[in-house]
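Nothing in this text is a laboratory measurement; each read-out follows from the coordinates by a stated rule. Because the structure is a prediction, the values reported are computed rather than measured. Glycine also receives a Cβ, built like all others from the backbone with ideal geometry; neighbour counts cover every protein chain displayed.
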Amino acid sequence: MKKSIAVFDSGIGGITFLRDAVRALPTENFIYYADTDHVPYGTKPDDEVRRFVGEAVAFLQQQGIKALVIACNAATSAAVAELRKRYSFPILGMEPAVKPALAYAGHRKVLVFSTSLTARGHKLKSLICRLEREHQIVTMPFDELVATAEAFDFDSPAVRGLIREKLACVDLKTFGAVVLGCTHFIYYRPLIEEGLLEGIRVFDGNFGTLKNLIRTLPGQDADRTPDRGNITFYSSGRVPDDALIAKLTKLVIAQQ
C-alpha cells in the first residue's frame with residue numbers, strides 16, 4: 001500500500017503548504033490533519049500545545065505515514081524536538097524565513113509577524129540569536145489573523161483594517177522585508193503587500209520546508225507510482241463532513 005505524507009496544522013493554515021506540496025509532488029498521497037478542536041495554538045501554553053500535537057501525531061502514525069510536515073510554526077516551536085526523539089519517520093517543521101529576509105533587506109530592518117507562542121518560543125529566539133542580527137529584527141504577534149482565516153475571511157473591510165492598524169505600528173521606511181511566521185498569514189500576503197512601501201519584500205517558510213521535504217523523500221519513496229496522488233482530510237482525528245472537505249479542497253485547488 002502506498003504510504004502518505006502527512007501535513008499537520010492547528011487549522012487551515014497548513015493548506016498553504018499542502019497546495020505547494022501537491023503541485024511539486026503530484027504522484028504522492030497526502031493526509032491533511034487540522035486540529036480544529038483546539039485551534040488556535042498560538043495563544044495557548046506550550047505544554048498544552050505539546051499535548052495536542054502529541055495526540056495528533058500518534059493518530060497519524062497509525063495511518064502508516066512515511067513523513068510528517070508540521071505546517072504550523074507554533075506547533076514546531078513547542079513540540080518538534082520531542083517528536084523527533086519519539087518517532088522514526090522524518091518530521092519536518094516550519095521555520096520563519098528570517099535568514100533570506102535579512103539577506104534581502106541588507107542594512108534595513110526585518111519585521112516578523114507570528115503568533116504569540118512563536119514570538120516567545122525558544123526556536124525563533126535561538127534562530128535570531130544565531131544570525132547575530134537582533135537589532136535588525138522586530139517580532140510582532142498577529143494572532144487575530146488566525147481567527148479570521150479559520151472563519152474563511154480572507155478579504156473583508158475588517159481584515160483590511162486589522163492589517164492597516166498593525167502596519168501603522170512600525171515606521172515602514174526603515175524596513176526591507178516582512179516575514180510571515182505563521183502559515184495562516186500566507187492567505188493575507190496580497191493584502192499585506194498592498195500596505196507595504198515599494199521595495200519591501202514578503203517572505204514565508206513554506207518554500208524552505210518543501211525543499212527539505214523533497215530532499216528527504218528519495219530514500220523513502222520506493223512506492224512511488226505514476227498515478228496522481230490523493231488527499232485525505234482529518235479534523236482532530238475524525239473525517240470532516242462533506243461541506244468542510246469541499247471548502248478545504250477548494251482552498252488547495254484555488255491556490256495552485
Suppose R0 equals 45 Å; then what is the FRET efficiency for Leu131 and Phe152 from their Cβ-Cβ distance, rounded to the nearest 0.05? 0.80
Take every Cα pair under 8 Å in the range 98-204 that's 6+ residues apart, average their separations, divide by the length, and report that relative contact order as a whole percent. 37
At q = 0.19, 0.23 Å⁻¹, what is the base-10 log of I(q)/I(0) for the range 98-204 according to the Debye formula with one equal point scatterer per Cα and no solvent? Please give it to two decimals. -0.94, -1.33
Using the structure shown, list the pairs from Lys2/Lys123; Lys66/Lys123; Lys2/Lys250; Lys85/Lys247; Lys99/Lys166 with a Cα-Cα distance above 29 Å, or answer none. Lys2/Lys123; Lys85/Lys247
Let me check I've understood the local charge: for Arg51, count other residues with C-beta under 14 angstrom from its C-beta, Lys and Arg +1, Asp and Glu -1. What total comes out? -4
How large is the direction-averaged shadow of the alpha-carbon convex hull of the chain, in nm²? 13.5
3J(HN,Hα) from dihedral phi, the range 28-39, Karplus parametrisation 6.51/-1.76/1.60, rounded to Hz, x for glycine, proline: 7, 8, 10, 10, 10, 10, 10, 8, 5, 5, 10, 5
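How high is the FRET efficiency between Met140 and Lys2 when r is their beta carbon distance and R₀ equals 51 Å, given to the nearest 0.05?
Details: r = 42 Å, r/R0 = 0.83.
Approximately 0.75, to the nearest 0.05.
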Which residues' amide hydrogens lie under 5 Å from the amide hydrogen of Gly93, considering only partners 5 or more residues apart or on another chain, with H built in the peptide plane? Ile70
Give the long-range amide H neighbours of Phe142: residues separated by 5 or more places, or on another chain, with amide H under 5 Å away, using H modelled in the peptide plane at 1.01 Å from N. Ser114, Thr115, Ser116
Could you work out how far apart the two model spin labels at Asp227 and Arg51 are, taking each label as a point 7 Å from the Cα in the direction of the beta carbon, and quote it in nm? 4.1
Which of the three applies to the range 1-153, rounded, prolate or oblate, going by the alpha-carbon gyration tensor with a ≥ b ≥ c and a/c under 1.5 meaning rounded? prolate
